[in-house]
1. Can you say whether Lys470 is within 16 Å of the ligand (Cβ to nearest atom) and either surrounded by fewer than 19 Cβ atoms within 10 Å (Cβ to Cβ) or of a type in the set (Lys, Arg) (or both), as far as the supplied structure shows?
2. Sort through Asn384, Asn349 and tell me the only one that's within 16 Å of the ligand (Cβ to nearest atom) and in contact with a helix residue (DSSP H, G or I) (Cβ under 8 Å, 6 or more places away or on another chain).
3. Cβ contacts < 8 Å: first residue outside the structural domain of Gly101 (by TED's automatic domain parsing), restricted to the range 485-505; second residue among the polar types (S, T, N, Q) and surrounded by fewer than 18 Cβ atoms within 10 Å (Cβ to Cβ), any location; separation 6+ or different chain. Result?
4. Which strands (runs of 3 or more DSSP E) does the range 266-355 wholly contain that include 2 or more residues that are crowded, with 19+ Cβ neighbours inside 10 Å?
5. Let me spell it out: the conditions are (1) within 16 Å of the ligand (Cβ to nearest atom); (2) under 22 Å from the mean Cα position of the chain (by Cα); (3) touching a residue at least 40 places away in the same chain (Cβ under 8 Å), and Val460 meets all of them except one. Which number is the exception?
6. Taking Gly151, is it within 14 Å of the ligand (Cβ to nearest atom) and either in the same structural domain as Tyr213 (by TED's automatic domain parsing) or of a type in the set (A, V, I, L, M) (or both)?
7. Suppose we filter Leu450, Leu392, Leu402 for residues that are farther than 30 Å from Gly196 by Cα and within 13 Å of the ligand (Cβ to nearest atom); which single one remains?
8. Scan (1) charged (D, E, K, R); (2) under 18 Å from Ser56 (Cα atoms); (3) surrounded by fewer than 18 Cβ atoms within 10 Å (Cβ to Cβ); (4) touching a residue at least 12 places away in the same chain (Cβ under 8 Å) for the single condition Asp438 breaks and write down its number.
Amino acid sequence: SLFTMMYIINRLMSIVGAPPREWTRLLPHELQSLDLSQRMSFDEHFISHASTDFGSLVRSIPAAVLNPLSIDDIVSLVRFSYNSPSPFTVAPRGHGHSIRGQAMAADGVVVDMRSLKGNADRIRVSTEFGWADVGGEQLWIDVLHACLEHGLAPKSWTDYLYLTVGGTLSNAGISGQTFLHGPQISNVFEMDVITGRGEMATCNKHMNSDLFYAVLGGLGQFGIITRARIALSAAPKRVKWVRMLYHDFFAFTRDQEHLISIKGLDYIEGSVMMDQCPANNWRSSFFSPSDHHRVTTLASKHGIIYCLEVAKYYNIDGIDEEMELLFDGLEYARNFKFKKDVSYVDFLNRVRSGELELQKKGLWDVPHPWLNLFVPKSQISDFNSGVFGGILSKNSTNGPILIYPMNKNKWDESTSAIIPDEEIFYTIGLLHSSGLDDWESLEDKNKEILQYCVKAGIKVKQYLPHYKTKAEWMHHFGLKWELFQTRKIKFDPKAILSPGQGIFN
Ligand code: FAD
């Protein structure tokens, strides 16, 4: 492989004597004496890649990028920094699909975790125990394919699978399965982690449990996940995928809440369609051209429509009747129920085709001023009227808007993740995309939404949070702030890890 070749070339160079390397004044010179320095790059290509992310909103230039050959390279790097009189920051970068520089390290070292992906045994499936041991650098799509070879699959997903295990576990990892199985961080048995002291530790609920809970949802602040043991279950073959349209918000949320309270469905999400938005978007192209007209007509008649989206997995057909029973009493607009029958992989990987389309048109690598929020159920109607019916109604958004409920009892309170203090809460995803010159106006909308929530007393929590001041972070963590801070002092006392989150620097 490419990495073996690079390794051999590096080895040869260390024997015959490498040409003088450009070194940076930002890193201690002694670092050059470590073997891993051979895998550190100062090359413009690597630096520029590590200075950007999916959001394209911020840019932070690291001193160097480490392309590790092994976990030991990362351990040595972090340990060196920790023991150095002038520690430098280290940011593991998964797939760089953060929005606001969370995987960047200004003047520090970005560790490109994906360099580990080709190493042997980075995804190991245990059919006996129903789990997979996967490297933190692995993409969920690759985890899916490896598990399917054994007839198994992870239980909890994100909508988009080209994200790394380490990246989503540092946040939570949510999708339409969260109501049933909890977020991805509720489906991890064990992890190997490199702490900010440069120590390697295995942790689970019983061993090093404080580290285990700190790292899950920990925004990369406590350790670098090098292995996670993920819960699996039998993989179904096919999926019945249904969308129902509503113009009445109360009926929409009542039905969503009803469906998450009963057994029967495997996936429940929802979205908001403004009259100026196309029925299909990159997140999924669902409506056939013949339905398209009906759907957009309904949207322009009512201004806003809400789309309930559910799925049921199956192996042997004949579940339509059973599904219809689950839909009994739902109050969607008559004749506005649409069905699809797709393979399990196509369902889970539904966002990919939209991505490839946008890539072709050059519309994927554009600024993404996204805002993701958790809103308590008791205030979702105020949010709807103020934000969808108010701030966003004035022809001001483009891109999918997600809205779906989940249960607090599926989240483990001991993790670092922050959710509202109410049994049912909604996730809202404002997935705007913009041109190069209008992203700031979308950022202004985001600010307006957050200000509105403060004024209206809506107790939202940001998902994939971003704040500029310590006071805002303290407010975000609320009662968990003390614990978060104590854990930081314990596991990363020199604030080396993931500085791009902007919490402790
Ligand atoms: P990166 O952006 O590389 O890193 C994110 C953070 O985690 C950084 O602070 C980084 O330092 C840290 N980190 C990375 N690797 C490790 C590691 N191994 N150990 C410790 N810390 C690490 N989220 C959802 O929950 N549900 C969704 O459906 C969803 N859909 C998305 C769709 C798209 C198109 C995009 C762009 C994002 C989506 N997200 C979703 C958000 C996504 O989960 C997060 O942005 C996630 O962090 C991205 O993973 P990544 O591998 O790109 O992480």
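The values are calculated or read from the model by the stated rules, or taken from the named source; none is laboratory data. This one's a predicted model, so the numbers in the text were calculated from it and none came from an experiment. Because the Cβ atoms are built from the backbone with ideal geometry, glycine has one as well, and the counts that use them run over all protein chains shown.
1. No, not satisfied.
2. Only one candidate passes the filter, namely Asn349.
3. Listed pairs, sorted by first residue: Ala495/Asn505; Pro499/Asn505.
4. The qualifying strands (runs of 3 or more DSSP E) are 267-274, 304-314.
5. So Val460 meets the others, but not (1).
6. Details: within 14 Å of the ligand (Cβ to nearest atom): no; either in the same structural domain as Tyr213 (by TED's automatic domain parsing) or of a type in the set (A, V, I, L, M) (or both): yes.
Taking the combined requirement at face value, the residue does not satisfy it.
7. Being farther than 30 Å from Gly196 by Cα and within 13 Å of the ligand (Cβ to nearest atom) holds for just one of Leu450, Leu392, Leu402, which is Leu402.
8. So Asp438 meets the others, but not (4).
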